[in-house]
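Participant: Take this structure first; my questions come after.
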Amino acid sequence: MTQKIALVTGASRGLGAAMAEELAVQGWHVVAVARTTGGLEEVDDRAKAAGATDGLTLAPMDITNDDAMRHLCRSIFDRWGGIDLWIHAAIHAAPMAPAGHIDIKDWDKSVAINLRATGTLIPMVEPLLRTRQGGTALFLDDPRAGLSFFGAYGATKAGQTALARSWAAETVKTGPKVYVATPAPMATATRARFFPGEDRASLAAPLAEAKRILAAL
């Protein structure tokens, strides 16, 4: 098989959706993971409309479901033998709140999606990346740690990034390659939750950022 295979977790909206769309247009076969089937279908439709000749493999599932993710990774191995690229864009943006008033449900969900799922996915995905010369993992940073009212999001996103950087340091000689990119401020639903009423005209388009970051890999 000469076609490159990408796994995109968090592929139904925002930068993850843009990454999946752009890769498909570039000729990759994309396994797109998110909880919302409708969102994934919209990404598939946009990719085809933009010229993708190969439809995405849509995997509507929750990345916090360990059994489902193990089954997916095994299915990817059985079908393609591995992957060339993993983009981890899944994130939970908890409502902004003072650290002393963080809702426990928001905290638990932030830990589960932003931190725990990353820690469980890396051991599952690493063997798939090792099957390919130049196998690459990409994480997306958003440095909000320590900022007022970003407690749940900032802490768990920083933990995710720290874990990715540790993995990158450990695999310099052995692979896979692990990168952490910091996107420019984008007009996404996540940012809109943090900055309601912001002038979105000055923000980058997710698809433009996807193209920029992928070109830099």
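The values are calculated or read from the model by the stated rules, or taken from the named source; none is laboratory data. Note that the structure is a prediction, hence the values are computed from the model and not measured. Here Cβ is always computed from backbone atoms with ideal geometry, including for glycine, and neighbour counts include all displayed protein chains. Calculation scope for accessible area: heavy atoms of the full protein, side chains included, ligands and nucleic acids excluded. Shrake-Rupley method; radii C 1.70, N 1.55, O 1.52, S 1.80 Å.
Participant: Quick one: is residue 127 out of contact with any Pro (no Cβ under 8 Å at 6 or more places or on another chain), under 26 Å from residue 81 (Cβ atoms) and open to solvent by 40 Å² or more (accessible area, probe 1.4 Å)?
Facilitator: It is true that residue 127 is out of contact with any Pro (no Cβ under 8 Å at 6 or more places or on another chain), under 26 Å from residue 81 (Cβ atoms) and open to solvent by 40 Å² or more (accessible area, probe 1.4 Å).
Participant: So, of the residues in the stretch 50-71 that are at pLDDT 95 or above, of a type outside the set (Lys, Arg) and open to solvent by 90 Å² or more (accessible area, probe 1.4 Å), which turns out to be farthest from residue 8 (Cα to Cα)?
Facilitator: The selected residue is 67.
Participant: Can residue 165 be described as free of Cβ contacts under 8 Å to residues at least 60 places away in the same chain and surrounded by fewer than 16 Cβ atoms within 10 Å (Cβ to Cβ)?
Facilitator: yes
Participant: Go through the stretch 19-44 and give me each residue that's closer than 24 Å to residue 2 by Cα, acidic (Asp, Glu) and either free of Cβ contacts under 8 Å to residues at least 40 places away in the same chain or in a strand (DSSP E or B) (or both).
Facilitator: 44
Participant: So in the stretch 8-28, with the set limited to residues that are of a type outside the set (Val, Ile, Thr) and open to solvent by less than 10 Å² (accessible area, probe 1.4 Å), which one is farthest from the chain's Cα centre (by Cα)?
Facilitator: Here is the first cut: in the stretch 8-28, the residues of a type outside the set (Val, Ile, Thr) are 10-24, 26-28.
If we keep only those that are open to solvent by less than 10 Å² (accessible area, probe 1.4 Å) too, we end up with 11, 16-20, 23-24.
On the way: 11: 7, 16: 5, 17: 9, 18: 11, 19: 9, 20: 10, 23: 13, 24: 15 Å.
Going through the qualifying residues, I end up with 24.
Participant: So which pairs qualify, if the first residue must be in the stretch 103-115 and closer than 14 Å to residue 62 by Cβ, the second must be at pLDDT below 95 and in a helix (DSSP H, G or I), the Cβ gap must be under 6 Å, and the two must be at least 6 apart or on different chains?
Facilitator: The qualifying pairs do not exist here.
Participant: Still on this model: Mind checking which residues of the stretch 139-188 are over 26 Å from residue 123 (Cβ atoms) and among the charged types (D, E, K, R)?
Facilitator: 144
Participant: Name the one entry in 210, 137, 152 that is crowded, with 21+ Cβ neighbours inside 10 Å, within 19 Å of residue 73 (Cβ to Cβ) and of a type in the set (Gly, Ala, Ser).
Facilitator: None of the others qualify; the one that does is 137.
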